[in-house]
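First up is the structure itself, then whatever we jot down about it.
The values are calculated or read from the model by the stated rules, or taken from the named source; none is laboratory data. Not measured: the values here are computed from a predicted model. Backbone-built Cβ (ideal geometry, glycine too); neighbour counts: all protein chains shown.
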Amino acid sequence: MTLTVTLIALLVTMAFALIRAIKGPTVYDRILASNALGTKTVLMIAVLGFVVGDPELYIDIALMYVLIGFIGTVAVLKVSEFGNLGQPQSHTDAEDT
Amino acid sequence: MIDNPVLRIIAKIIIPMILLFALYVQFHGDFGPGGGFQAGVIFAAGFILYGLVFGTESLRSAVPPAVLRLLIAVGLALFAGVGVITMLAGSDYLAYNALSEDPIAGQHLGILVVEFGVGVTVSAVMITIFLAFAGRNDP
Amino acid sequence: MINGQLPALQVVVPLIAAALCLVLSRPGAAWLITFAASVVSMLVSLLMLEEVLQSGVIDYAFGGWAAPFGIAYRVDIVNAYVLMIVSTISTVVSVFARVSVASEIETHNQGFFYTAWLLCLTGLLGIAITGDAFNLFVFLEISSLSSYVLIAMGSDRRALTAAYQYLIMGTIGATFILIGVGLLYALTGTLNMLDLAARLPEVADSRTARTGFAFLTVGLGLKIALFPLHLWLPNAYAYAPSAVSAFLAATATKVAVYVLLRFVFSVFGVEFALGAMPLALGLAVLGSIAVLSASTVAIFQQNLKRMLAYSSVAQVGYLALGVSLATPAGLTATLLHLFNHALMKGALFVALGCIAWRIGSSRLEDFAGLGYRMPWTMGVFVVGGLSLIGIPLTAGFISKWYLVLAALDKGWWPVTVVIIAGSLLAVIYIWRVVESAYLADPPAQTAKAEAPASMLIPAWLLAIANLYFGSHTDLSVGIAARAAAGLFGAAP
Amino acid sequence: MTIAGLYNYWIVILLMMTGFYVVISSGNLVKKIIGLNLFQASVFILYISIGKIANGHVPILQDGVSHYSNPLPHVLILTAIVVGVSTTALGLALVVRIRESYGSVEEEEIHRQDESL
């Protein structure tokens, strides 16, 4: 019962995050919203593991999602800030070009 | 981005964890969700994070393209090689039972080597794709 | 011992060679590996053809898992015949490729070029040999992805857009095939073609079976470039490197046609595919339109590679007409044309490649007086052209003769008229080239400047094959008839 | 009842048609590839939903479980996903090269440049 309530609560917050990701006036709103969505997804996978009855399998998936999601956020931020993925450039370099 | 201390430190902490987790997914694939494809992608993700934070130049000096190309071929050769060995042992292609005296041990060994080959190829290909796109504007 | 392993070797040898090629990216070494792998797979396919003709179907279970569980390879006469065509063409064209590729592709890309070539060969051979519907999709994608790469390596920048167009349409086609296979799997719970053939008749009357069939045929229609779905083909063949045009034109659509035959005749069965579903009518109408319209369009092309590409679309029309007759005679004609068309398109594209290597162009206006400057190369072109038209004593005549006979047998007069009209249109577009090469006022420079022997020999091999199979029909017709009987007779 | 009960097919069809529409209607080469991805993803869902068995358990051997979902579609789709990734990578690589030689990723602009040759 508690697990079901948790799931529903997570879904509601995910819906809010999704609305912000679609509406969000600035890029940062969207990035933050999608990042929050990712975090909620991880939580949901973990909770689902308990609902289904074997958390060990689902924890693996949740862990992987955390690690990969972090990289995605970094990549999106880098593109929006510098316009490319390659250089380790600092902020000042980007403004020059 | 290398200037940003938060990101740099986080990346340095998280990259070894990603690689370790990739190895776990690779070799735990017999018992849980996992296997060569997934592990290869996760392993490559660690390198891609490194490339994002420290620049593709550093990534390229860590894993030169020639090495990547070699790794793609080696992974494929591992996969195909197991098949050829089973053929030489007088069985069908990729019939792992022929790899060892005990058929079950043969199955374990065969799937382990084949999945490892898949993992090596997939991670090398993913890093190559990342370098091909992200490293395009390099001087 | 080695004989039992032939089906696996057929696919594994080019695959390992591709890995080797990737490591040894030096052009000479890469070419040598490609050639050696092609020769080996040709020998393997010939051995298998021999064995199949002698003692019947070869079964091969991958990983020792028997058919319904594992991936099984199953070689019967049709497979062995298609495998033989693909590997032979690859061998002959790879001889031609060394000089041609060296002039058209930058040195540092040649290693990748040959890697992609070998992967394409792996995919095509895999499609032809596998007995598993999903495995077929995987090999289809291997060959398609590598052929996109091969086409994009053309020197013209339009090669890029052509490859992109092909990628979009090819992927849609492959995804359609994937949907079809998925629906069949949902219906029967098996992916093995033999099992599918056994279980489908019980459920053939369901909507799922019909939907799956429709998805499969439309997807394959895209891959074989059947008339309204052929839009990717002309540009792809016209802007690809010469060697790739020759290789793909002679093999890729042939293998796709084989897949269509396999699904229509072996998996779904003739009654369902050509009786209950309106496939026969569709193929007849679309095939006729393809023959007439594509041949007409070919007449107006200035770029000869494009002209030959449109002619390929027309030839696909003939193949479709043969299938639509739904008789063993019609199927024999289709299989025969599969082989003969590979020979003639191979010869024509290789000859064009020689000309492009020498004069750097394949446009009609640059052909003036070429009959005197490059007599041997133009000789090949003329032989290939005659074969394309269907002049007696060439291979093309034999397949058209059988096609006309099969159509008359069935009483389909209009089809006969279409075939003859198509041949007349072919006379026009081949004549334009011959006229310009031999009869037009030659330009000032008429000194002889032939292509090197390594390009001429494969060209002449193909031309001689065209003549040989035009007069000695026992081999080709015999195998094609037996293969057609096999497709009609029983499950794969 | 059946219409609601087969909701997985409705989702598949909706996604498939959305993707197909984007591929056909969009003139932007990158958007076409996005549409293609959507199109392929719909097929992945089709396969995976076929493999689900009511009350079926995750198909990994465990004590006390006898009712597993069908693992075969998952394996097939893993392969198809790999194929899809390769197609996307190759398509994007082609778009990058097209952009370098034409200076545009709009289909009409590319056609215009080819015509004017």
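Things worth noting here:
- All of C:Gly189, C:Gly212, C:Gly154, C:Gly182 fail the test of being small (Gly, Ala, Ser), at positive phi and more than 17 Å from the chain's Cα centre (by Cα), apart from C:Gly189.
The rows are residues; the columns are (1) buried (at least 17 other Cβ atoms within 10 Å of the Cβ); (2) closer than 30 Å to B:Ser61 by Cβ; (3) modelled with pLDDT under 85; (4) more than 7 Å from chain B (Cβ to nearest Cβ).
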site: A:Ser34; (1), (2), (3), (4): yes, no, no, yes
site: A:Lys40; (1), (2), (3), (4): yes, no, no, yes
site: A:Val74; (1), (2), (3), (4): yes, yes, no, no
site: A:Val79; (1), (2), (3), (4): no, yes, yes, yes
site: A:Phe82; (1), (2), (3), (4): yes, yes, yes, yes
site: A:Gly86; (1), (2), (3), (4): yes, yes, yes, no
site: A:Thr92; (1), (2), (3), (4): no, yes, yes, yes
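Conditions (1) aliphatic (A, V, I, L, M); (2) modelled with pLDDT of 90 or more; (3) touching a His at 6+ places or on another chain (Cβ under 7 Å), marked per residue:
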site	(1), (2), (3)
C:Ala198	yes, no, no
C:Val203	yes, no, no
C:Ser206	no, no, no
C:Leu216	yes, yes, no
C:Leu222	yes, yes, no
C:Leu226	yes, no, no
C:Pro241	no, yes, no
C:Ala246	yes, yes, no
C:Val255	yes, yes, no
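- Out of B:Val25, B:Val84, one residue alone is free of Cβ contacts under 8 Å to residues at least 12 places away in the same chain and facing another protein chain (nearest Cβ under 10 Å). It is B:Val84.
- From D:Ile50, D:Ile60, residue being in a loop (DSSP other than H, G, I, E, B) and of a type in the set (Val, Ile, Thr): D:Ile60
- Candidate set from the range C:148-176 (those that are more than 10 Å from every other protein chain (Cβ to nearest Cβ) and either in contact with an Asp or Glu (Cβ under 7 Å, 6 or more places away or on another chain) or without any contact (Cβ under 8 Å) to a residue 60 or more places away in the chain (or both)); member that is surrounded by the fewest Cβ atoms within 10 Å (Cβ to Cβ): C:Ser155
- The range A:17-28, residues that are loosely packed, with under 14 Cβ neighbours inside 10 Å and assigned to a helix (DSSP H, G or I): A:Ile19, A:Ile22, A:Lys23, A:Val27, A:Tyr28
- Whichever residue in the range D:91-109 is more than 14 Å from C:Asp156 (Cα to Cα) and within 9 Å of chain C (Cβ to nearest Cβ) and, among such residues, is surrounded by the fewest Cβ atoms within 10 Å (Cβ to Cβ): D:Glu107
- Pairs with Cβ under 7 Å, 6+ apart, first in the range C:68-85 and over 16 Å from C:Ala342 (Cα atoms), second charged (D, E, K, R): C:Pro68/C:Asp195; C:Ile71/C:Asp132; C:Ala72/C:Asp59; C:Ala72/C:Asp132; C:Arg74/C:Asp59; C:Ile77/C:Arg482
- Condition met for C:Phe113 (at pLDDT 85 or above, buried (at least 24 other Cβ atoms within 10 Å of the Cβ), under 21 Å from the mean Cα position of the chain (by Cα) and not small (Gly, Ala, Ser)): yes
- For the range C:1-14, the set of residues classified as modelled with pLDDT of 90 or more and within 9 Å of chain B (Cβ to nearest Cβ) is empty.
- Number of residues in the range D:36-87 that are without any contact (Cβ under 8 Å) to a residue 24 or more places away in the chain, of a type in the set (Val, Ile, Thr) and within 14 Å of chain C (Cβ to nearest Cβ): the value is 7.
- Check on B:Ser100, touching a residue at least 24 places away in the same chain (Cβ under 8 Å) and more than 12 Å from chain C (Cβ to nearest Cβ): no
- Test for B:Val6: is it crowded, with 21+ Cβ neighbours inside 10 Å and either part of a helix (DSSP H, G or I) or at the interface with another protein chain (Cβ under 7 Å from one of its Cβ atoms) (or both): no
- The range B:61-73 - residue that is touching a residue at least 12 places away in the same chain (Cβ under 8 Å) and within 8 Å of another protein chain (Cβ to nearest Cβ) and, of those, surrounded by the most Cβ atoms within 10 Å (Cβ to Cβ): B:Ile72
- For first residues located in the range C:289-309 and at negative phi and surrounded by fewer than 22 Cβ atoms within 10 Å (Cβ to Cβ), partners that are among the charged types (D, E, K, R) and not in a helix (DSSP H, G or I) and lie 6+ apart or on another chain with Cβ distances below 8 Å form the pairs C:Gln302/C:Arg363; C:Asn303/C:Arg363.
- Hey, C:Gly28 surrounded by fewer than 22 Cβ atoms within 10 Å (Cβ to Cβ) and farther than 30 Å from C:Arg358 by Cβ or not: no
- Of all residues in the range B:109-116, one or more are within 11 Å of chain C (Cβ to nearest Cβ), at pLDDT below 85 and over 19 Å from C:Val23 (Cβ atoms).
- When the range C:370-419 is filtered for residues that are β-branched (Val, Ile, Thr) and more than 22 Å from C:Leu462 (Cβ to Cβ), the ones remaining, listed by number, are C:Val404, C:Val415, C:Thr416, C:Val417, C:Val418, C:Ile419.
- Test result for C:Val57, crowded, with 18+ Cβ neighbours inside 10 Å, away from chain B (no Cβ under 13 Å) and in contact with an Asp or Glu (Cβ under 8 Å, 6 or more places away or on another chain): no
Every residue, every condition in (1) part of a helix (DSSP H, G or I); (2) buried (at least 16 other Cβ atoms within 10 Å of the Cβ); (3) charged (D, E, K, R); (4) more than 10 Å from chain A (Cβ to nearest Cβ), yes or no:
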| residue | (1), (2), (3), (4) |
| --- | --- |
| B:Gln38 | yes, yes, no, no |
| B:Leu59 | yes, yes, no, no |
| B:Ala77 | yes, yes, no, yes |
| B:Ala80 | yes, yes, no, yes |
| B:Gly90 | no, no, no, yes |
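- Helices (runs of 4 or more DSSP H) enclosed by the range C:361-410 - at least 2 residues per element that are at pLDDT 85 or above: C:375-389, C:395-410
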